Each structure stands twice: as C-alpha cells, then as structure tokens.
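Have a look at the structure below before the remarks.
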Amino acid sequence: MASMTRSQYVIHCLVSTDLTKIKPFMTHFPRADIHEMLSADILHQLVKGMFKEHLVHWIREYLHLTHGESGVKNILDDIDRR
C-alpha cells in the first residue's frame, strides 16, 4: 500500500468496502423520506441537472484526455446511435 497514490488508495478502500450494508444517518428520522419532501418536478430537475451538467461534462473531459478529440467524437456518436 505504500506505493499507491492517494487516489488509488481511496479506490481500493471503496472497492473493498461493502457499501450496501451502510445506512444513511437519517434513516430513522421522522418525515425524512426524500420522495415526500420534494415534488416530482424538483426531484426530476435535480437528477437531470446533476447528470447532464456534471457527469456528462466530466465523462467528456475524461474521454478527451484519454482518446483525443476524434476519439471522443467517435465514442459519443456510437453512444448516440440508436
């Protein structure tokens, strides 16, 4: 473990941990159900905004660094093809 970078160590710890056994701290809070607190539209906008604005941008940058601009275009065209 001494030769691992911090990122590699964090990934190793996350992979070796069974996250399905961890429960959020607010599990037993009364009226803490996210589906009751947020309307469907707000919840949809939150998920869409998080996915579209953050993850897609991050994945595009990652693909650009690993495959170059032409590789990104080919990969995204392949994903968008129906």
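Annotations for the structure displayed:
- A Cβ-based charge dipole, computed about the Cα centre of region 26-80 with Lys and Arg at +1 and Asp and Glu at -1, lands at about 140 debye.
- Taking the charge dipole of the chain about its Cα centre, with +1 at Lys and Arg Cβ atoms and -1 at Asp and Glu Cβ atoms, the residue from THR5, SER70, ILE34 reaching farthest to the positive side is THR5.
- Springs between Cα atoms under 10 Å define the GNM used for the chain, and in it the highest mean-square fluctuation of HIS67, HIS28, HIS12 occurs at HIS12.
- The chain, helix-only ellipticity at 222 nm - DSSP H runs n ≥ 4, -39,500 (n - 2.57), divided by all residues, nearest 500: -19000 deg cm²/dmol
- Ordering VAL56, VAL72, VAL15 from the fewest to the most neighbouring beta carbons within 10 Å gives VAL15, VAL56, VAL72.
Since every read-out is calculated from the coordinates, none of them should be taken as a lab result. All values derive from a computational prediction rather than experimental measurement. All Cβ positions, even for glycine, are placed from backbone atoms using ideal geometry, and neighbour counts span all protein chains on display.
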